[in-house]
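Structure first, commentary second.
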Amino acid sequence: MKRLFLLIPAVLMLDGCALLQAVARRDKAGIVSEGKKVGQTVGEAVGDIKDASKELSPENEYYVGRAVSANLLAKYDFKYLEPAGPAGATADYVASVGYVLAAAAEGLRDGTMRAAPVGGWNFVVLDAEVINAFGAPGGFVFVTRGALLAAKNEEEIAAMLAHEIAHVMQGHGLGSIKTERFGKVAGKWFKKGAQALTPTQMDAMTESLDGSVADVSDTLIGNGYSRSSEGQADALGQRIAAAAGYDPRAMISLLGSIKGQQATSQGGMLATHPSNADRVKKLEANAKKLGAVKAEPIRTERYAKAVAPILQAPR
């Protein structure tokens, strides 16, 4: 699996938009320059990570999420739909649906969930045919072009995005960081600025950060979450969808839409988000409690208009 660890301390300092732009250009110098401009030290960025039993602050979660996002972009060869590009209408549409869902999700947040992303929510469409979606720490949600085309309507797009938002809110990605990652890193190092560390100390801390990012990336891209985490994201995702006015049954139909187009053995969403009879039964029970929501015809029209650019886009 192709990895992107371009000076992790600098990557963690990037502005969200600058990250996508600099990574897409493979511009290491731009990453470093942008990082210096922000002026965030490694010690400030990741201080709380060193103790595996201590909750990451929202700021630290955001920085880890940006590094994970760089890995996701690298996995998909840095290809994503830009708002200013030929398929900009598709990118804007997905972001608009995502923002509605994220706003509705705030009303459901409780003390067991992660704090709201300090950098807001970011929704990105990866230009890839494989059917998949990812929710990275810090409010970064990715969905592939293939997943958009596999969905039959806006209800199913909303179900997909709500599910990933739920993963982020419940901290499932962060839960994949192995507890031993920071065993060789002294806590006092995190109180110092990057310039105050010796080369050996800097190497040890960077290695720990690299490993943490790799843990989350491997879970999102390859291993997938446990059935327990998937069940939690299903339940909260349905609540989010319903709160935003979407049909909570759409996740069930989405799984059916995907299953008809992609075998689990081929990787993609059914490999990392497995479907099974018990899961569907739980989805059906959750939907019954939440009540049916009639899909507005305008949503299907919006969906058809929004995906038109990627139907016509050259491969």
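Given the options F123, F140, name the one that is of a type in the set (F, W, Y) and surrounded by 24 or more Cβ atoms within 10 Å (Cβ to Cβ). Quick ask: steps written out before the conclusion?
Values: F123 fails: surrounded by 24 or more Cβ atoms within 10 Å (Cβ to Cβ).
So the residue among F123, F140 that is of a type in the set (F, W, Y) and surrounded by 24 or more Cβ atoms within 10 Å (Cβ to Cβ) is F140.
Out of A147, A166, which single residue is modelled with pLDDT of 75 or more, more than 25 Å from D77 (Cα to Cα) and assigned to a helix (DSSP H, G or I)?
Answer to the check: A166.
Those residues that are surrounded by 22 or more Cβ atoms within 10 Å (Cβ to Cβ) and over 16 Å from the mean Cα position of the chain (by Cα), I need them from region 92-114; list them, please. Hit for region 92-114 is Y93, nothing else. For region 38-58, the tally of residues that are surrounded by fewer than 18 Cβ atoms within 10 Å (Cβ to Cβ) and at pLDDT 50 or above stands at 3. Taking residues in region 211-223 that are modelled with pLDDT of 70 or more, and partners anywhere that are outside any helix (DSSP H, G or I) and surrounded by fewer than 20 Cβ atoms within 10 Å (Cβ to Cβ), the pairs with Cβ atoms closer than 6 Å and at least 6 places apart or on different chains are D215/K178. A89 satisfies every condition listed in (1) under 28 Å from L290 (Cβ atoms); (2) surrounded by fewer than 20 Cβ atoms within 10 Å (Cβ to Cβ) except (1).
For region 101-123, does any single residue satisfy the condition of being among the aliphatic types (A, V, I, L, M), within 23 Å of I310 (Cβ to Cβ) and modelled with pLDDT under 85? Walk me through how you get there before you give the answer.
Residues of region 101-123 that are among the aliphatic types (A, V, I, L, M), as a first pass: 101-105, 108, 113, 115-116, 118.
This time we only want the ones that are within 23 Å of I310 (Cβ to Cβ), so: 101-102.
Adding the requirement that they be modelled with pLDDT under 85 leaves none.
No, every residue in region 101-123 fails to be among the aliphatic types (A, V, I, L, M), within 23 Å of I310 (Cβ to Cβ) and modelled with pLDDT under 85.
Which pairs turn up if I take residues in region 224-236 that are on the phi > 0 side of the Ramachandran plot and look for partners that are of a type outside the set (D, E, K, R) with beta carbon separation below 6 Å, at least 6 apart in sequence or on another chain? Every condition considered, the pairs that remain are G224/T272.
Take the residues of region 169-199 that are closer than 30 Å to S226 by Cα and modelled with pLDDT under 55: which is surrounded by the most Cβ atoms within 10 Å (Cβ to Cβ)? Explain how you work it out, then say what you get.
Start the filter on region 169-199 by keeping residues that are closer than 30 Å to S226 by Cα, which leaves 169-185.
If we keep only those that are modelled with pLDDT under 55 as well, we get 178-185.
Numbers: K178: 12, T179: 9, E180: 10, R181: 20, F182: 24, G183: 11, K184: 12, V185: 20.
Ranking the candidates gives F182 first.
The values are calculated or read from the model by the stated rules, or taken from the named source; none is laboratory data. Owing to the predicted nature of the structure, the values given are computational and were not obtained by experimental measurement. Positions of Cβ are generated from backbone atoms using ideal geometry, with glycine treated the same way; all protein chains shown enter the neighbour counts.
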